[in-house]
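Please read the structure below before turning to the comments.
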Amino acid sequence: MNRSFYNGVSGIKTHQFGLDVWAGNISNVNKIGFKTSTPEFSTIFTQSLTSLPATPVSNDIGLGSRAAATNLQFRQGAITKTENPFDLALNGDGWFGVSTVAGEQLYTRAGLFNKDAAGYLVDAGGNFLLGTPTGNIQDGTVVSDPKMEIDLTDPTAQAKILLDDNVFMPAIPTTQIDFKGALNAKPIYTLNADKQRIETPNKENFQSILINPDGTQNRLVIDLTKVVPQAVDTTIWNAKATIYDADDKPVTTEEGQLNFNDRGALISTTLTSIDNNGTPITLNFGSSYNPGTPNSGFDGLFSYHGEEEGFTKTVHQNGKKSGKLLDYAVHDNGTITAAFDNGAAIPVAKIAVYHFQNSAGLEQSSPVYFRQTANSGTPLFFKDKNGNTIDTTRITPFALEKANISMGTALTELIVMQKAFDASAKSITTSDQLIQNAINMKK
């Protein structure tokens with residue numbers, strides 16, 4: 001009968017543990033990145049009254065229970081919108097990596113990030129967010145040939161992410177201009193003084209700004225004049241390219257011809273480049289026609305004789321004027337880009353999203369921080385067969401992942417633990433009454 005006393009005591013202790021766990025879950029319902037814990041119990045041991053090797057019937061007597069562990073639930077929490085561009089929510093499996101001031105690497109789902117006084121991305125605890133910097137910004141200046149593609153390196157090689165407030169992008173000089181569109185080659189006729197109909201040359205004009213190496217701008221003008229009369233199977237346009245400076249004074253002039261076949265496809269050009277104060281500029285009017293190459297001869301300028309008009313003409317030059325930083329933006333693949341007032345945008349870093357073979361094996365160091373263990377395995381990035389990182393988890397900016405607590409489940413479990421606690425206490429009072437009855441039998 002004394003055994004039932006201790007069973008009741010162990011039951012009270014065990015379910016007090018369960019009450020504490022579920023009450024802790026409820027108290028963290030608004031904790032960003034918090035993961036629910038469930039209490040797990042085990043039997044202390046049993047005492048066998050008899051040995052029954054030949055029968056499946058058990059006659060063991062339980063000697064109480066004890067708290068065994070807390071099991072973390074890593075299911076996705078609800079995502080809520082915020083107004084901070086560096087509030088980040090992971091949508092899918094994975095962890096942010098952060099480095100403490102002491103250099104320890106931890107993992108979290110709490111994406112409360114912002115810039116510190118030095119410009120580094122840090123979380124609410126002052127830990128540095130980890131990722132792969134591009135090196136496109138050096139000493140506050142954009143490098144001359146920035147990398148536009150980022151691939152995460154080894155998980156152990158991630159670094160702090162610095163977002164400078166004062167960044168300058170030097171001018172990128174123009175080196176190529178691309179022309180696209182249709183040249184209207186439909187014959188134009190006028191009457192001369194003798195009332196005879198004569199063909200008048202068609203004319204076309206293209207213009208584009210040019211970015212000089214020093215950041216100033218020049219202007220390119222292309223004048224095209226159709227050669228008349230034309231042969232049956234070709235159309236020839238004379239081309240004159242002129243560069244003007246800021247004062248509208250001619251700097252350089254080049255001339256050549258564009259030749260088109262009877263279908264209007266470009267077959268050759270003798271005007272391929274022009275010098276801009278020592279900088280050669282490629283003039284790309286499109287590829288030459290090749291019967292074996294689809295769309296060749298029509299991917300740049302082409303000549304037509306039909307009635308239809310309204311073909312779009314475009315001119316694109318690859319230079320950029322100098323620019324100052326406007327803002328940073330985080331994309332759903334983890335890439336952070338810097339936007340400039342000249343319309344350019346370059347990647348600055350890519351946020352690392354870590355994965356583990358066994359996330360349940362992570363050791364919880366605080367409510368929202370975890371560290372790797374031998375049971376979790378080392379952190380890894382998903383890679384394809386070529387070794388490139390696969391972005392399986394999306395990052396949502398202006399958002400946070402809330403605690404993954406189901407209040408209905410938590411409150412129900414709280415009631416269950418309370419009833420079990422009361423029942424264990426009742427077993428103690430019942431055992432006390434039985435012992436009291438046994439003592440009274442002697443009187």
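The values are calculated or read from the model by the stated rules, or taken from the named source; none is laboratory data. A quick note: this is a predicted structure, and the numbers were derived from the prediction, not measured. With ideal geometry, Cβ positions are generated from the backbone for all residues, glycine too; neighbour counts draw on all protein chains shown.
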Q.
As an exercise: evaluate residue 417 against (1) assigned to a helix (DSSP H, G or I); (2) among the hydrophobic types (A, V, I, L, M, F, W, C); (3) loosely packed, with under 14 Cβ neighbours inside 10 Å and give the number of the one condition it does not meet.
A. (3)
Q | Residues (in a loop (DSSP other than H, G, I, E, B) and closer than 21 Å to residue 269 by Cβ) located in the range 195-228 | A | 201, 202, 227, 228
**Q.** Filter pass, residue 74 being aromatic (Phe, Trp, Tyr) and at pLDDT below 80
**A.** no
Q. Of the residues that sit in the range 228-243 and are out of contact with any Leu (no Cβ under 7 Å at 6 or more places or on another chain) and under 19 Å from residue 209 (Cβ atoms), which one is surrounded by the most Cβ atoms within 10 Å (Cβ to Cβ)?
A. 242
Q) How many residues are over 20 Å from residue 207 (Cβ atoms) and modelled with pLDDT of 95 or more when one looks only at the range 269-286? A) 1
Q: Kindly indicate which of 35, 13, 81 is at pLDDT 75 or above, surrounded by fewer than 12 Cβ atoms within 10 Å (Cβ to Cβ) and at negative phi.
A: 81
Q: Please work out if residue 264 is of a type in the set (Gly, Ala, Ser), in contact with a strand residue (DSSP E or B) (Cβ under 7 Å, 6 or more places away or on another chain) and in a loop (DSSP other than H, G, I, E, B).
A: yes
Q: Report the residue count in the range 305-330 for those that are surrounded by fewer than 20 Cβ atoms within 10 Å (Cβ to Cβ), out of contact with any Ser or Thr (no Cβ under 7 Å at 6 or more places or on another chain) and farther than 22 Å from residue 145 by Cβ.
A: 11
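Determine, yes or no, whether residue 248 is more than 15 Å from residue 181 (Cβ to Cβ), out of contact with any Phe, Trp or Tyr (no Cβ under 7 Å at 6 or more places or on another chain) and not in a strand (DSSP E or B).
yes
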Q. Within 17 Å of residue 189 (Cα to Cα) and either part of a loop (DSSP other than H, G, I, E, B) or touching a residue at least 24 places away in the same chain (Cβ under 8 Å) (or both): does that describe residue 231?
A. yes
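When the residues of the range 176-224 are narrowed to those that are of a type in the set (Phe, Trp, Tyr) and touching a residue at least 40 places away in the same chain (Cβ under 8 Å), which ends up nearest to residue 244 (Cα to Cα)?
Residues of the range 176-224 that are of a type in the set (Phe, Trp, Tyr), as a first pass: 179, 189, 206.
Among the residues that remain, those that are also touching a residue at least 40 places away in the same chain (Cβ under 8 Å) are: 179, 206.
Numbers: 179: 19, 206: 14 Å.
Out of the qualifying residues, it is 206.
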Q) Going through the range 356-406 one residue at a time, which ones are in a loop (DSSP other than H, G, I, E, B), aliphatic (A, V, I, L, M) and surrounded by fewer than 16 Cβ atoms within 10 Å (Cβ to Cβ)? A) 374, 390
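Which members of the range 127-142 meet the condition of being surrounded by 17 or more Cβ atoms within 10 Å (Cβ to Cβ) and assigned to a loop (DSSP other than H, G, I, E, B)?
Hits for the range 127-142 are 127, 134, 136.
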Q: Give just the number: which of (1) assigned to a loop (DSSP other than H, G, I, E, B); (2) under 30 Å from residue 210 (Cβ atoms); (3) of a type outside the set (A, V, I, L, M, F, W, C); (4) touching a Lys or Arg at 6+ places or on another chain (Cβ under 9 Å) does residue 165 not satisfy?
A: (2)
Q. Quick one: residue 153 ticks every box in (1) in a strand (DSSP E or B); (2) surrounded by fewer than 22 Cβ atoms within 10 Å (Cβ to Cβ); (3) touching a Ser or Thr at 6+ places or on another chain (Cβ under 7 Å) bar one, so which box is it?
A. (1)
Q) Would the range 364-371 turn up any residue that is in contact with a strand residue (DSSP E or B) (Cβ under 7 Å, 6 or more places away or on another chain), of a type outside the set (A, V, I, L, M, F, W, C) and modelled with pLDDT of 90 or more? A) yes
Q.
I'd like the residue in the range 256-304 that is more than 40 Å from the chain's Cα centre (by Cα), surrounded by 18 or more Cβ atoms within 10 Å (Cβ to Cβ) and β-branched (Val, Ile, Thr) and, out of all such residues, is farthest from residue 316 (Cα to Cα).
A. 269
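Pick from 253, 200, 225: which is at pLDDT below 95 and either surrounded by fewer than 14 Cβ atoms within 10 Å (Cβ to Cβ) or out of contact with any helix residue (DSSP H, G or I) (no Cβ under 8 Å at 6 or more places or on another chain) (or both)? Working first, answer last.
Numbers: 253 fails: at pLDDT below 95; 225 fails: at pLDDT below 95.
Sole residue among the options that is at pLDDT below 95 and either surrounded by fewer than 14 Cβ atoms within 10 Å (Cβ to Cβ) or out of contact with any helix residue (DSSP H, G or I) (no Cβ under 8 Å at 6 or more places or on another chain) (or both): 200.
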